[in-house]
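Here is the structure we will look at.
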Amino acid sequence: VRLLAKHGQLANKKILITAGGTREALDPLRYISNRSSGKMGYALAQAAVEAGASVTLISTVELKVPFNVQLIQVTSSDDMMAAVSDHFQTADVFISAAAVSDFRPSQQQTQKIKKTGNEGLTLNLVQNPDILATVAATKKNQFVVGFAAETQDLLNYAKDKLVKKHADMIIANDVSQKGIGFNADDNQVTIIRPHERPQTLPVQSKLETARSIVTEIAKELADQLQ
Ligand code: CTP
Ligand code: CA
(Lines give C-alpha, C1' and ligand atoms only; values in the text may rest on other atoms or scores of the structure.)
(Ligands and ions follow the chains in the order given, each with its own letter.)
Protein backbone atom coordinates (compact mmCIF):
# COMPACT_ATOMS: atom_id res chain seq x y z
CA VAL A 1 0.00 0.00 0.00
CA ARG A 2 2.69 2.43 1.09
CA LEU A 3 4.85 1.57 -1.91
CA LEU A 4 1.97 2.15 -4.29
CA ALA A 5 0.99 5.43 -2.70
CA LYS A 6 4.46 6.93 -3.04
CA HIS A 7 4.35 6.74 -6.80
CA GLY A 8 1.90 7.75 -9.44
CA GLN A 9 0.30 10.96 -10.60
CA LEU A 10 -1.90 11.24 -7.53
CA ALA A 11 0.54 10.05 -4.87
CA ASN A 12 -0.36 11.29 -1.38
CA LYS A 13 -3.68 12.72 -2.57
CA LYS A 14 -7.03 11.96 -0.97
CA ILE A 15 -9.77 11.49 -3.52
CA LEU A 16 -13.45 11.41 -2.60
CA ILE A 17 -15.80 9.96 -5.23
CA THR A 18 -19.57 9.42 -5.31
CA ALA A 19 -21.14 6.76 -7.51
CA GLY A 20 -24.53 5.41 -8.52
CA GLY A 21 -28.08 6.65 -8.52
CA THR A 22 -29.62 7.57 -5.20
CA ARG A 23 -32.83 5.85 -4.10
CA GLU A 24 -35.56 7.96 -2.57
CA ALA A 25 -38.01 5.98 -0.47
CA LEU A 26 -41.76 6.24 -0.98
CA ASP A 27 -42.60 3.70 1.70
CA PRO A 28 -40.71 0.81 3.35
CA LEU A 29 -40.80 -1.19 0.08
CA ARG A 30 -40.66 1.28 -2.82
CA TYR A 31 -38.36 3.97 -4.06
CA ILE A 32 -37.79 6.23 -7.04
CA SER A 33 -34.41 6.21 -8.70
CA ASN A 34 -32.68 6.41 -12.10
CA ARG A 35 -30.75 4.22 -14.55
CA SER A 36 -27.26 5.08 -13.35
CA SER A 37 -25.14 1.93 -12.93
CA GLY A 38 -22.37 3.49 -10.87
CA LYS A 39 -19.76 2.02 -13.25
CA MET A 40 -18.16 5.38 -14.04
CA GLY A 41 -17.64 6.18 -10.35
CA TYR A 42 -16.10 2.76 -9.70
CA ALA A 43 -13.86 3.13 -12.75
CA LEU A 44 -12.70 6.49 -11.42
CA ALA A 45 -12.00 4.92 -8.02
CA GLN A 46 -9.87 2.26 -9.68
CA ALA A 47 -8.03 4.76 -11.88
CA ALA A 48 -7.33 6.98 -8.86
CA VAL A 49 -5.92 4.03 -6.86
CA GLU A 50 -3.74 3.10 -9.84
CA ALA A 51 -2.47 6.68 -9.79
CA GLY A 52 -1.41 6.26 -6.16
CA ALA A 53 -4.27 8.13 -4.46
CA SER A 54 -6.00 7.21 -1.24
CA VAL A 55 -9.62 6.75 -2.33
CA THR A 56 -12.96 6.94 -0.50
CA LEU A 57 -15.94 5.87 -2.56
CA ILE A 58 -19.46 6.79 -1.46
CA SER A 59 -21.75 4.49 -3.38
CA THR A 60 -25.39 3.45 -3.72
CA VAL A 61 -24.61 0.34 -5.77
CA GLU A 62 -22.90 -2.96 -5.05
CA LEU A 63 -20.23 -3.50 -7.68
CA LYS A 64 -16.82 -5.10 -7.17
CA VAL A 65 -14.89 -2.65 -5.01
CA PRO A 66 -11.46 -1.90 -6.50
CA PHE A 67 -8.50 -2.98 -4.37
CA ASN A 68 -7.54 -0.47 -1.67
CA VAL A 69 -10.70 1.64 -1.97
CA GLN A 70 -12.53 2.62 1.21
CA LEU A 71 -16.23 2.07 0.52
CA ILE A 72 -19.09 3.89 2.22
CA GLN A 73 -22.47 2.45 1.26
CA VAL A 74 -25.42 4.85 1.14
CA THR A 75 -28.94 4.76 -0.26
CA SER A 76 -30.67 8.15 -0.41
CA SER A 77 -29.43 11.58 -1.42
CA ASP A 78 -29.80 12.53 2.22
CA ASP A 79 -27.36 9.77 3.30
CA MET A 80 -25.02 10.73 0.47
CA MET A 81 -25.02 14.38 1.50
CA ALA A 82 -24.13 13.41 5.09
CA ALA A 83 -21.30 11.11 3.99
CA VAL A 84 -19.87 13.65 1.51
CA SER A 85 -20.02 16.42 4.12
CA ASP A 86 -18.09 14.18 6.55
CA HIS A 87 -15.25 13.61 4.07
CA PHE A 88 -15.07 16.71 1.88
CA GLN A 89 -12.96 18.93 4.15
CA THR A 90 -10.08 16.42 4.32
CA ALA A 91 -10.15 15.55 0.61
CA ASP A 92 -7.81 16.98 -2.03
CA VAL A 93 -10.15 16.10 -4.87
CA PHE A 94 -13.90 15.52 -4.93
CA ILE A 95 -15.42 13.81 -7.96
CA SER A 96 -19.22 13.86 -7.95
CA ALA A 97 -20.04 11.00 -10.33
CA ALA A 98 -23.28 9.99 -8.60
CA ALA A 99 -26.62 10.48 -10.31
CA VAL A 100 -28.28 12.17 -7.36
CA SER A 101 -32.08 12.14 -7.61
CA ASP A 102 -33.22 15.68 -8.23
CA PHE A 103 -36.47 15.07 -6.36
CA ARG A 104 -37.66 12.93 -3.49
CA PRO A 105 -41.15 12.14 -2.23
CA SER A 106 -42.27 14.99 0.00
CA GLN A 107 -43.26 12.40 2.58
CA GLN A 108 -41.95 8.95 3.23
CA GLN A 109 -44.84 6.71 4.33
CA THR A 110 -44.05 4.55 7.34
CA GLN A 111 -46.48 1.83 6.19
CA LYS A 112 -46.79 0.23 2.75
CA ILE A 113 -48.97 2.30 0.42
CA LYS A 114 -52.08 0.19 -0.34
CA LYS A 115 -53.80 0.10 -3.73
CA THR A 116 -57.21 -0.70 -2.21
CA GLY A 117 -59.42 2.33 -2.54
CA ASN A 118 -56.91 4.16 -4.75
CA GLU A 119 -57.77 4.23 -8.47
CA GLY A 120 -54.66 6.26 -9.18
CA LEU A 121 -51.85 7.78 -7.20
CA THR A 122 -50.29 11.22 -7.40
CA LEU A 123 -46.81 11.58 -5.96
CA ASN A 124 -45.72 14.83 -4.39
CA LEU A 125 -42.01 15.44 -4.89
CA VAL A 126 -39.69 18.06 -3.46
CA GLN A 127 -36.29 19.06 -4.79
CA ASN A 128 -33.20 17.56 -3.15
CA PRO A 129 -30.29 19.78 -2.12
CA ASP A 130 -27.44 19.86 -4.62
CA ILE A 131 -24.64 17.93 -2.90
CA LEU A 132 -21.91 19.07 -5.27
CA ALA A 133 -22.89 22.77 -5.23
CA THR A 134 -23.35 22.75 -1.45
CA VAL A 135 -19.96 21.30 -0.53
CA ALA A 136 -18.07 23.04 -3.34
CA ALA A 137 -19.31 26.38 -2.01
CA THR A 138 -17.21 25.65 1.11
CA LYS A 139 -14.07 24.53 -0.70
CA LYS A 140 -10.62 25.69 0.32
CA ASN A 141 -8.00 23.95 -1.78
CA GLN A 142 -10.11 21.05 -2.97
CA PHE A 143 -10.19 20.39 -6.70
CA VAL A 144 -13.84 19.77 -7.52
CA VAL A 145 -15.05 17.72 -10.47
CA GLY A 146 -18.70 17.40 -11.48
CA PHE A 147 -20.49 15.51 -14.20
CA ALA A 148 -23.13 16.88 -16.54
CA ALA A 149 -25.54 14.37 -17.99
CA GLU A 150 -27.37 16.00 -20.88
CA THR A 151 -29.64 14.90 -23.71
CA GLN A 152 -29.28 18.18 -25.65
CA ASP A 153 -27.12 21.32 -25.87
CA LEU A 154 -24.32 19.50 -24.01
CA LEU A 155 -21.61 22.14 -23.96
CA ASN A 156 -23.77 25.08 -22.93
CA TYR A 157 -25.49 23.25 -20.09
CA ALA A 158 -22.15 21.81 -18.97
CA LYS A 159 -20.52 25.26 -18.92
CA ASP A 160 -23.43 26.56 -16.82
CA LYS A 161 -22.86 23.74 -14.34
CA LEU A 162 -19.16 24.61 -14.05
CA VAL A 163 -20.14 28.02 -12.73
CA LYS A 164 -23.28 27.15 -10.74
CA LYS A 165 -21.61 24.29 -8.92
CA HIS A 166 -18.31 26.06 -8.15
CA ALA A 167 -16.55 23.22 -9.98
CA ASP A 168 -13.03 23.25 -11.41
CA MET A 169 -13.87 20.68 -14.06
CA ILE A 170 -17.06 19.28 -15.58
CA ILE A 171 -17.17 15.91 -17.31
CA ALA A 172 -19.93 16.32 -19.87
CA ASN A 173 -21.76 13.26 -20.94
CA ASP A 174 -24.25 12.96 -23.81
CA VAL A 175 -26.73 10.48 -22.36
CA SER A 176 -29.03 10.49 -25.39
CA GLN A 177 -26.78 8.07 -27.29
CA LYS A 178 -27.24 4.32 -26.73
CA GLY A 179 -24.15 2.34 -25.79
CA ILE A 180 -22.34 5.17 -24.05
CA GLY A 181 -22.93 6.90 -20.75
CA PHE A 182 -25.76 5.87 -18.44
CA ASN A 183 -25.75 2.17 -17.65
CA ALA A 184 -23.38 1.36 -20.54
CA ASP A 185 -19.85 -0.11 -20.52
CA ASP A 186 -18.36 2.51 -22.80
CA ASN A 187 -18.35 6.24 -22.47
CA GLN A 188 -17.47 9.35 -24.40
CA VAL A 189 -17.02 12.55 -22.47
CA THR A 190 -15.99 16.12 -23.03
CA ILE A 191 -13.87 17.80 -20.35
CA ILE A 192 -14.86 21.39 -19.60
CA ARG A 193 -12.60 23.71 -17.63
CA PRO A 194 -12.60 27.44 -17.03
CA HIS A 195 -10.70 29.37 -19.70
CA GLU A 196 -9.94 26.27 -21.73
CA ARG A 197 -11.33 24.80 -24.88
CA PRO A 198 -13.59 21.76 -24.33
CA GLN A 199 -11.62 18.55 -24.77
CA THR A 200 -13.55 15.60 -26.22
CA LEU A 201 -12.14 12.16 -25.43
CA PRO A 202 -12.62 9.18 -27.77
CA VAL A 203 -15.30 6.54 -27.20
CA GLN A 204 -13.58 4.08 -24.89
CA SER A 205 -14.27 1.84 -21.94
CA LYS A 206 -15.27 3.55 -18.70
CA LEU A 207 -11.94 2.50 -17.16
CA GLU A 208 -9.99 4.08 -20.03
CA THR A 209 -12.15 7.20 -19.77
CA ALA A 210 -11.53 7.27 -16.01
CA ARG A 211 -7.76 6.97 -16.51
CA SER A 212 -7.83 9.92 -18.93
CA ILE A 213 -9.88 12.01 -16.48
CA VAL A 214 -7.48 11.15 -13.62
CA THR A 215 -4.52 12.20 -15.78
CA GLU A 216 -6.19 15.55 -16.50
CA ILE A 217 -6.97 16.07 -12.80
CA ALA A 218 -3.36 15.26 -11.88
CA LYS A 219 -2.13 17.85 -14.41
CA GLU A 220 -4.40 20.49 -12.84
CA LEU A 221 -3.11 19.67 -9.34
CA ALA A 222 0.47 19.95 -10.58
CA ASP A 223 -0.38 23.36 -12.12
CA GLN A 224 -1.93 24.51 -8.82
CA LEU A 225 1.39 23.92 -7.08
CA GLN A 226 3.29 26.17 -9.47
N1 CTP B 1 -25.52 16.68 -8.26
C2 CTP B 1 -25.46 16.68 -6.88
N3 CTP B 1 -26.62 16.80 -6.15
C4 CTP B 1 -27.81 16.90 -6.77
C5 CTP B 1 -27.88 16.88 -8.18
C6 CTP B 1 -26.71 16.77 -8.90
O7 CTP B 1 -24.37 16.60 -6.31
N8 CTP B 1 -28.90 17.01 -6.02
C9 CTP B 1 -24.25 16.60 -9.02
C10 CTP B 1 -24.04 15.34 -9.85
O11 CTP B 1 -23.33 14.37 -9.10
C12 CTP B 1 -23.20 15.86 -11.01
C13 CTP B 1 -23.65 17.30 -11.17
O14 CTP B 1 -24.26 17.66 -9.95
O15 CTP B 1 -21.83 15.86 -10.71
C16 CTP B 1 -24.59 17.54 -12.30
O17 CTP B 1 -25.70 16.68 -12.23
P18 CTP B 1 -26.84 16.82 -13.32
O19 CTP B 1 -27.96 15.89 -12.98
O20 CTP B 1 -26.21 16.74 -14.69
O21 CTP B 1 -27.27 18.34 -13.14
P22 CTP B 1 -28.36 19.06 -12.24
O23 CTP B 1 -27.69 20.20 -11.56
O24 CTP B 1 -29.08 18.10 -11.36
O25 CTP B 1 -29.35 19.69 -13.32
P26 CTP B 1 -30.37 18.95 -14.32
O27 CTP B 1 -30.51 17.50 -13.90
O28 CTP B 1 -31.62 19.72 -14.21
O29 CTP B 1 -29.70 19.06 -15.69
CA1 CA C 1 -30.01 16.14 -12.11
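The values are calculated or read from the model by the stated rules, or taken from the named source; none is laboratory data. Owing to the predicted nature of the structure, the values given are computational and were not obtained by experimental measurement. Here the Cβ positions follow ideal geometry from the backbone for every residue, glycine too, while neighbour counts run over all protein chains shown. Keep in mind that these areas ignore ligands, DNA and RNA; they rest on the heavy atoms of the full protein, side chains included. Shrake-Rupley method; radii C 1.70, N 1.55, O 1.52, S 1.80 Å.
Sorted by average packing, counted as other Cβ atoms within 10 angstrom per residue and highest first, what order do 194-206, 33-45, 83-95, 67-79 take?
On the way: 194-206: 12.6, 33-45: 22.8, 83-95: 19.2, 67-79: 16.7.
Result, highest mean first: 33-45, 83-95, 67-79, 194-206.
List the aspartates and glutamates whose alpha-carbon lies under 12 Å from that of Lys206, not counting same-chain residues fewer than 8 positions away?
Straight-distance partners of Lys206: Asp185, Asp186.
By the scheme Lys and Arg +1, Asp and Glu -1, what is the net charge of all other residues having a beta-carbon under 13 Å from that of Ser37?
Numbers: positive: Arg35, Lys39, Lys64, Lys206; negative: Glu62, Asp185, Asp186.
Local net charge: +1.
Arrange the peptides 46-53, 58-65, 108-115 so that the one whose residues have, on average, the most other Cβ atoms within 10 Å appears first. Walk me through the numbers on the way to the answer.
Working: 46-53: 24.2, 58-65: 17.6, 108-115: 10.5.
Peptide ranking by packing, descending: 46-53, 58-65, 108-115.
Order of 182-190, 133-141, 14-22 by packing, highest average Cβ count within 10 Å first?
Numbers: 182-190: 18.4, 133-141: 14.1, 14-22: 26.1.
The densest-packed peptide leads the list: 14-22, 182-190, 133-141.
Residues in the range 170-192, backbone N under 13 Å from the label point at Gln152 (7 Å along the Cα-to-beta-carbon vector): list them, ranges by number please.
The answer is 176, whose backbone nitrogens lie closer than 13 Å to the label point.
Considering only protein heavy atoms and a 1.4 Å probe, what is the carbon-and-sulfur percentage of the accessible area of the range 127-172?
Numbers: 1140 of 2260 Å².
Its accessible area is 50 percent carbon and sulfur atoms.
Cross-link candidates for Lys164: which lysines have Cα within less than 16 Å, leaving aside residues fewer than 8 places away along the same chain?
Answer for Lys164, where 16 Å is the Cα cut-off: Lys139, listed by chain and number.
Ignoring ligands, DNA and RNA, what accessible area per residue does the range 72-226 give at 1.4 Å, in Å²? Mind showing how you got there, number by number?
Working: 8860 Å² over 155 residues.
Here the per-residue accessible area is 57 Å².
If you restrict to DSSP beta bridges whose two residues both lie in the range 55-196, what percentage is antiparallel, to the nearest 5? List each step's numbers first, then the result.
Working: 7 of 23 bridges.
Bridges in the range 55-196 are about 30 percent antiparallel.
Could you work out how much longer the chain between Ala11 and Thr134 gets when fully extended? Use 0.36 nm per residue separation minus the Cα distance between them, nm to one decimal. Let's see the in-between values first.
Working: separation 123, 0.36 × 123 = 44.28 nm, distance 2.73 nm.
Between Ala11 and Thr134, full extension yields an extra 41.6 nm.
Could you go through the range 107-119 in sequence order and give the Karplus-derived ³J(HN,Hα) for each residue, using 6.51 cos²θ - 1.76 cosθ + 1.60 with θ = phi - 60°, rounded to whole Hz, and x for Gly and Pro?
Working through the residues one at a time gives 9, 9, 6, 7, 10, 3, 6, 9, 7, 4, x, 10, 5 Hz.
Helix 206-225 sits at what angle to the longest principal axis of the chain, using alpha carbons and giving 0 to 90 degrees rounded to 10?
60
Give me the distance in nm between label points sitting 7 Å out from Cα along the Cα-to-Cβ direction at Lys159 and Lys178, one decimal.
3.2
Going by alpha carbons, how many degrees (0 to 90, nearest 10) lie between the helix axis of 77-88 and the longest principal axis of the chain?
20
Between the range 57-116 and the range 160-218, how many Å separate their Cα centres?
So the separation of the two Cα centres works out to 21 Å.
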